[in-house]
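Down below is the structure, laid out as structure tokens.
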Amino acid sequence: MNKKTVKDIELKGKKVLVRCDFNVPMDENKNITDNTRIVAALPTIKYLLENNCAIILCSHLGRPKGEFKPEFSLQPVAEELSKQLGINVIMAKDVIGEDATAKAEELKNGEVMLLENVRFHREETDNDPEFAKKLAEFAEIYVNDAFGTAHRAHASTAGVAKYLPAVSGFLIEKELKFLGQALENPQRPFVAIIGGSKVSDKIGVIENLLEKVDTLIIGGGMAYTFIKSEGYNIGRSICEEDKLDLAREIEEKAKQKNVKLMLPIDTVVGKEFDKDTEMKVVKSREIPDEWEGMDIGEETRQSYIEELKKAKTIVWNGPLGVFEFPRFAEGTNAIARAISSIDATTIIGGGDSAAAVERAGLADKMTHISTGGGASLEFLEGKKLPGIECLLDR
């Protein structure tokens, strides 16, 4: 947790390489459809400008798999950044080639440039030392502000820290503060809600949280693996047959740790996996053979909300139903609305749960929404993140 930030280092007039997460969604005309990640990077960039730095930004976009593909160019990001900052952001035509090198050399204090997509080079994801060294040669200080890729040991997220003094930006500082505090020293009661379709995706998170929470609420597709492990009928609901023993072990461990583990009481079921399918509500432990679970029912929502109201710290990762189908998003939305009105530290762990909260228009009512789905998941598992580990300790 105790990592140096841009405020702990002498920056004035220095050339600074900043790893951002500009992996933003675009439509077919290269218009950015959601600029959240760009806006999230602004406080760090503005702070560096206030300190009269020459700023070289880098990021990935999509998965071009090590070759130049024009549809993955960061040019639209440079245009959006120019608009947001009110200055012209200089766009390099390459990453470590002639154009980037020349522009980095000429870059004056108070100017900002953006390198082309670092993943146009396979060396980026290979964390190639030569590639990292060339990136590092552009600057005197390295700032990582890309929490969304902090769980990857890539050249621009970890490799460059071998060659430059490395600190975090404000975005990573904020992530570490909220996620770190929830795990290390939460206000109690501490309630975690874990959703999503598979237990296997969240085993590490569940096991780590069982050591820390007072209540663990399970929803989403993974709940049916737990219900089946107790010997009940789940119809055609999603289930990991090879994880039934594990689900039983988790329930047993929760008992031993005195953690209240809550599963759905009733379920909204559909005849098939389709947005317009026939639907009805049944008891979660009595799902008819030809039906499948699609959302948590009203009784479950109320029992979860009652538990959440007692909480002082809430961490939520993963939707509670098939929230991409509006008719089966009610459970997820009800929980989002409830969390937004509770007087507690509320942390939304990236990915689908962040998307659900954004879609419900409740983002500004949460204490913290993580910008990294995979990274926040690994952090909640208690794993060390390479992009954080490489930063200087205070």
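Any read-out appearing in this document is the output of simple, stated calculations on the displayed coordinates, not a laboratory observation. Note that the coordinates shown come from a computational prediction; the quantities given were computed from them, not determined experimentally. No Cβ is skipped: glycine too gets one built from the backbone with ideal geometry, and neighbour counts run over all protein chains shown.
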If you place +1 on the Cβ of every Lys and Arg and -1 on the Cβ of every Asp and Glu, how big does the dipole about the Cα centre of the chain come out, in debye to the nearest 20?
1180 debye
Normalise the Debye intensity by I(0) for segment 277-354, one equal point scatterer per Cα, no solvent, then take log10 at q = 0.16, 0.17, 0.20 Å⁻¹ and round to two decimals.
-0.63, -0.70, -0.91
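Stokes-Einstein diffusion coefficient for segment 179-242 at 20 °C in a medium of 1.002 mPa s, Rh from the Kirkwood formula over Cα pairs: what value in µm²/s? The partial results should precede the final answer.
Working: Rh = 12.8 Å.
It diffuses with D of about 168 µm²/s by this estimate.
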With only Lys, Arg, Asp and Glu charged, each at its Cβ (+1 for the first two, -1 for the last two), find how big the charge dipole of segment 6-170 is about the Cα centre; round to the nearest 20 debye.
320 debye
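Between D343 and D364, 0.36 nm times their residue separation minus their Cα-Cα distance comes to what? Mind showing how you got there, number by number?
Working: separation 21, 0.36 × 21 = 7.56 nm, distance 1.40 nm.
Result for the pair: 6.2 nm of gain on full extension.
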C-alpha center-to-center spacing [segment 72-142, segment 191-227] in angstrom
40 Å
Return one number: the angle in degrees, 0 to 90 and rounded to the nearest 10, between the long axis of the Cα atoms of helix 244-257 and the longest principal axis of the Cα atoms of the chain.
90 degrees
Residues of segment 64-88 with amide N under 19 Å of a point placed 7 Å along Cα→Cβ from R122:
64-70
Helix 75-85 versus the longest principal axis of the chain: what angle, 0 to 90°, nearest 10, using Cα atoms?
90 degrees
With unit charges on the beta carbons (Lys and Arg positive, Asp and Glu negative) and the dipole taken about the Cα centre of the chain, which residue among P165, M262, C239 sits farthest to the positive side?
P165
q = 0.17 Å⁻¹: log10 I(q)/I(0) that the Debye formula gives for segment 178-380, counting C-alpha atoms only
-1.12
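According to the square roots a ≥ b ≥ c of the eigenvalues of the Cα gyration tensor, what is the shape class of segment 6-170, taking rounded for a/c under 1.5, prolate for a/b larger than b/c otherwise, and oblate for the remainder? Don't jump to the answer; show the numbers that get you there.
On the way: a/c = 1.40, a/b = 1.11, b/c = 1.26.
Judged from the Cα gyration tensor, segment 6-170 comes out rounded (a/c under 1.5).
Could you compute the FRET efficiency for N52 and V282, with r as their C-beta to C-beta distance and R0 at 51 Å, rounded to 0.05? Don't skip to the answer; put the middle values down first.
Details: r = 65 Å, r/R0 = 1.27.
My answer for the efficiency is 0.20.
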With unit charges on the beta carbon (Lys/Arg positive, Asp/Glu negative), name the residue among I55, I32, G13 whose Cα is farthest towards the positive pole of the charge dipole of segment 1-77.
G13
Helical mean residue ellipticity (222 nm; -39500 (n - 2.57) per DSSP H run of 4+; nearest 500) of the chain:
-10500 deg cm²/dmol
Hey, quick one: spin label on D393, modelled 7 Å out along Cα-Cβ, who in segment 4-22 has an amide N within reach, i.e. under 12 Å?
4
Using a Gaussian network model of the chain with C-alpha springs under 10 Å, which one of E50, E173, E292 is most mobile by mean-square fluctuation?
E50
